[in-house]
Each structure stands twice: as structure tokens, then as C-alpha cells.
Amino acid sequence: MKYPLMAVILIVAAYFAWRQLKPKPPPPPPPPPPAILLEPVPALSAEEQAKVLKSANDQDPQVRWEAIVFLDKTKVPAAFEVMFNKLHQDPDVELRIKIIKLLVERKGPTPTPRLQQNSVDSLNPGAVAAPTAQEKRNAEITQNLVWATKDPLPEIRVAALQALDTLGDYSAASAIMDSLRDPDAQVRLQALKTLNSLQDKKAAMIEAERKRQEELRRQAEQGRSGGAGAP
């Protein structure tokens, strides 16, 4: 009787020892972080934003610039209106060139033409979808930079042409052609550089699209040949 009891005790002791030595499962993963808002919430109330808008007309150009930067960061609806206005009318050349560079940073990518997806236009597959808010903003930025290429100051005209080069919007090429007759040699030179750059970017885009279409045709042919060989 003594030996079976000892065997039972040993089995129970071994079980608890195994439980202690058994590797513990890894802890559950931490919860995902809270969703980040797509647009930062303005730090100021409407009344305080109005004060910043007033600072954009300060006598000191550095104060005006910091006010513009703040309006841009907080996504105040009037920020672009202020930038466009200062681009054309501010007396400080350096400030206007800074605004040109800021506008380049704020232009989003230009998408390829999109087709209408809704059922209303399903009978018209060639219909182009209405422009998005970002596309409208892109067009406004390009338009204002084109206007800046006709500014009385050659420094502004050169900066605007450089910005159009960076944007890569080929729709501005015809307007840039006018700068080839500019009285300032630096403006004429930059106009040619911008036109050359835009042409290279357009050629690269056309080549990329050609390769994409060829790949789509190759995949379609493979699909048809594979379907034909199936029993």
C-alpha cells in the first residue's frame, strides 16, 4: 500500500513541477495606437486665428512670414488666399520667394485621369470624374505661379519658373513659352531650362505608361492562351 501511495505522490509532484517549468505563452500584443487625425486640429479659436491673419499684414516681413507658416500648419481655410495675395503684392522680395517654395511643397501629386465610377455615368465610360479638392488646389497653385512668371521683378519670375520646373506640370509649358521673350537673360535661360525639364518628365511619363500598357497586354494574352489550353 505504501509504494502505490508514494508513486501517486511522485506523479503529482512531477505534474506541478512540469506546470512550473512549462514555458508561459507570450503576452498579448499591445492595443493599436489611437487613430491619428488626417488634418491637425487648429490650436487657436476663430477669434485667435483672426489675430494671426492680422499678423500676416505686420510691418515686419519676418512677422508676416511666421504668421503665414502658422496659418499653413494649422490648415486655416484662408491660408492659401493669404499666400496667393502676398505672392503678388507683398513688398518684400525674400518673403515672396519663400511663399513660392512653400506653395511647391503644398501641391499634391497630379493623378492620371479617372473614370466615373457611379451608376449614373455607367452608360458613358469615357466620362472623366469631377476634379477633387486637391486637384482644384493644384490648379490654383499652378495658375498663381504662372502669373508670377510675369511679375515686374526678375527675381520673382526666375523663382516662379524654377517652381514650375519642380512641380512638373506640363500644362504650364505654353505659358512658359512667353518667358522666352523676357527682357532679362536669366529669366529666358530659366524658361528654357524649365521647358527642357518638363519635356523630359513628360517623355518619361509617356514611356512608363507605354510599358504599363504592354505589360497589361502581355498578361491578357497569357490569360487567353492559358484558358485555351484548359480542358
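The values are calculated or read from the model by the stated rules, or taken from the named source; none is laboratory data. For clarity, every value in this text was computed on a predicted model and none was experimentally measured. Side chains are part of the model used for accessible areas, which takes the heavy atoms of the whole protein and leaves out ligands, DNA and RNA. Shrake-Rupley method; radii C 1.70, N 1.55, O 1.52, S 1.80 Å.
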**Message:** So LEU161 ticks every box in (1) open to solvent by less than 30 Å² (accessible area, probe 1.4 Å); (2) outside any helix (DSSP H, G or I) but one. Which box is left unticked?
**Reply:** (2)
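Any residue that is farther than 20 Å from ASP165 by Cα, at pLDDT 55 or above and open to solvent by less than 50 Å² (accessible area, probe 1.4 Å) - is there at least one of those in the range 103-119?
The initial filter retains those residues of the range 103-119 that are farther than 20 Å from ASP165 by Cα, namely 113-119.
Still in the running and at pLDDT 55 or above: none.
So far as the range 103-119 goes, no, none of its residues is farther than 20 Å from ASP165 by Cα, at pLDDT 55 or above and open to solvent by less than 50 Å² (accessible area, probe 1.4 Å).
For the range 166-195, how many residues meet the condition of being open to solvent by 100 Å² or more (accessible area, probe 1.4 Å) and part of a helix (DSSP H, G or I)? Steps first, answer last, please.
Going through the range 166-195, the residues open to solvent by 100 Å² or more (accessible area, probe 1.4 Å) turn out to be 181, 183, 186, 193.
Narrowing further to those that are part of a helix (DSSP H, G or I): 181, 186, 193.
Selection size over the range 166-195: 3.
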